[in-house]
Amino acid sequence: MIQHLATCSTASSRLLLLVSSSLSKPFISLSKKLQFSSSSSKPIASPQNSRSISYYRAPMNFLNKLGFGTRSPDPSTMDPTIPQGPDDDLPAAGQQFAQFGAGCFWGVELTFQRVPGVTKTEVGYSQGFFNNPSYEDVCTGTTNHNEVVRVQYDPKECSYETLLDVFWARHDPTTLNRQGNDVGTQYRSGIYYYTPEQEKAARETLEQRQKLLNRKIVTEIIPAKKFYRAEQYHQQYLAKGGRFGFKQSAEKGCNDPIRCYG
């Protein structure tokens, strides 16, 4: 009887070892295969941005939008000399660049897409101290980047002054680090010039605009710095339909109200 029990115990142990071994191998093999890549002269009231705030970002959840995203620090990203350098990209032949920050870049981009003479728009991040930032990085509010729109335009068809008029009309330049419900340094008002002529025009229009407003304008006017193109899903976001697929017209001269949603 004792001998029989010992034999059964030994056999059971061997069976358990065999089962355990056979189960563990597929798990190890599977884990090796699953590699995920991260890839008027009278003062007038200031314009208001009535859009509701949205925390949607595919494929990021709302906590990332709030700035709680995780990213392993890379020492090379902390070199401020690169992001603080000039925007050395070149526009197409015969074209010029202009760059603006006026709140969430989705609605700002669509506004400029509709301007006749604008040949290309891109949204991105600029004016920060962090090299190659991600959207999550910018949302932390610690990199000093602004959400900007870089506009490429044909000066024969569209003057820089026209772009400035669009910029001032699009947002409230009197709210510091805020547009409507969007709050943070990445939503600040800014004109980032590429030439002395652009700087002069920007400052002149600021003075003119200030006479029409009953609050102090806080728009920063400084040289354009390195432009980091935002993630692809941000590009022409509203024209492509955004989260809900409701496409908004980017046709030149379109005056439809712009609905900015996440």
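In this structure, the residue pairs whose Cα-Cα separation is over 18 Å, taken from LYS200/LYS226; LYS226/LYS252; LYS156/LYS252, are LYS200/LYS226; LYS226/LYS252.
Could you tally the net charge around PHE246, taking each other residue with its Cβ under 11 Å from the Cβ of PHE246, Lys/Arg +1 and Asp/Glu -1? Surrounding charge for PHE246 is +4. What region 116-239 shows is 41 Å² of accessible area per residue, with the surface traced by a 1.4 Å probe over protein heavy atoms. Taking 0.36 nm per residue of sequence separation and removing the Cα-Cα distance, the LEU90/VAL218 pair yields an extension gain of 43.2 nm. With the cut-off at 1.5 for a/c, could you classify region 127-247 from its C-alpha gyration tensor as rounded, prolate or oblate? Taking the square roots of the gyration eigenvalues as a ≥ b ≥ c, region 127-247 is rounded. Between ASP256 and THR162, the contour length at 0.36 nm per residue exceeds the Cα-Cα span by 32.0 nm. Dipole check for region 82-235: with +1 at the C-beta of Lys and Arg, -1 at the C-beta of Asp and Glu, and the Cα centre as origin, the magnitude is about 400 Debye. Rolling a 1.4 Å probe over the protein heavy atoms leaves ARG259 with an accessible area of roughly 120 Å². The portion of the accessible surface of region 82-235 made up by carbon and sulfur, rounded to a whole percent, is 52 (1.4 Å probe; DNA, RNA and ligands excluded). In plain terms, the chain from ASN132 to LYS211 could stretch by 24.6 nm, reckoned as 0.36 nm per residue minus the Cα-Cα distance.
Taking a sphere under 12 Å around the Cβ of ARG178 and counting the other residues whose Cβ falls inside, with K and R at +1 and D and E at -1, yields a net charge of -1.
Each other residue within a Cβ distance under 9 Å of GLU122 adds +1 if Lys or Arg and -1 if Asp or Glu, for a net charge of +2.
The values are calculated or read from the model by the stated rules, or taken from the named source; none is laboratory data. These numbers come from a predicted model, not from an experiment. With ideal geometry, Cβ positions are generated from the backbone for all residues, glycine too; neighbour counts draw on all protein chains shown. The area values use the complete protein model at the heavy-atom level, side chains included, leaving out ligands, DNA and RNA. Shrake-Rupley method; radii C 1.70, N 1.55, O 1.52, S 1.80 Å.
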